[in-house]
Amino acid sequence: MYPEIMVIPMREELTRAGIKETRTPEEVDAALARPGTTMVVVNSICGCAAGKMRPGVRLALQNSVVPDQSITVFAGQDREATERARSYFEGNPPTSPAIAILRDGKLVYLMQRFMIENNTAQGIAEELARAFNEFCAKATA
């Protein structure tokens, strides 16, 4: 674990964008028990999180369609919360960073580290916007 003072700016980069930080397993469960769509951002101290994932997430949230709520956990810092969030990712290996979309607590989309580190912030934003449009759009009557 890194000293908390070092990770505060990395946490705030997402919370300033309106993403709720979940630091305990109970907070993760409570968020994912809410109906609708939830984006779960597994934050990390690594370079691909700083230069690609966090900027890409912030850009994607400018899309006209976004999840009903967005939460974040910090891998390597809030271990129990991160493990709980990953337990919802249905048999996928743990990676950080990662970005998931869940609908009513069930995984519908997962962007893992290999997709993040081989992309740009703009590319990540475009892929997330596509996923938001597919999985988070409200049904019309």
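Summed over the residues of the stretch 1-112 and divided among them, the accessible surface reaches 45 Å² per residue at a probe radius of 1.4 Å.
Relative contact order for the chain: 32 percent, from Cα pairs under 8 Å spaced at least 6 residues apart, divided by residue count.
When exposed loop sites are taken as trypsin sites (Lys or Arg not before Pro) in a DSSP loop with at most 16 other Cβ atoms within 10 Å, the longest stretch of the chain clear of them is 24-137. Note on the stretch 1-53: with neighbouring protein chains present and a 1.4 Å probe, carbon and sulfur make up 61 percent of its accessible heavy-atom surface. Of the residues Gln77, Gln122, Gln62, the one that moves most in a GNM of the chain with alpha-carbon contacts below 10 Å is Gln62.
The values are calculated or read from the model by the stated rules, or taken from the named source; none is laboratory data. Note that the structure is a prediction, hence the values are computed from the model and not measured. Positions of Cβ are backbone-derived with ideal geometry, glycine not excepted, and every protein chain shown enters the neighbour counts. Just so you know, the surface numbers come from the protein's heavy atoms only, side chains and all, with ligands and any DNA or RNA stripped out. Shrake-Rupley method; radii C 1.70, N 1.55, O 1.52, S 1.80 Å.
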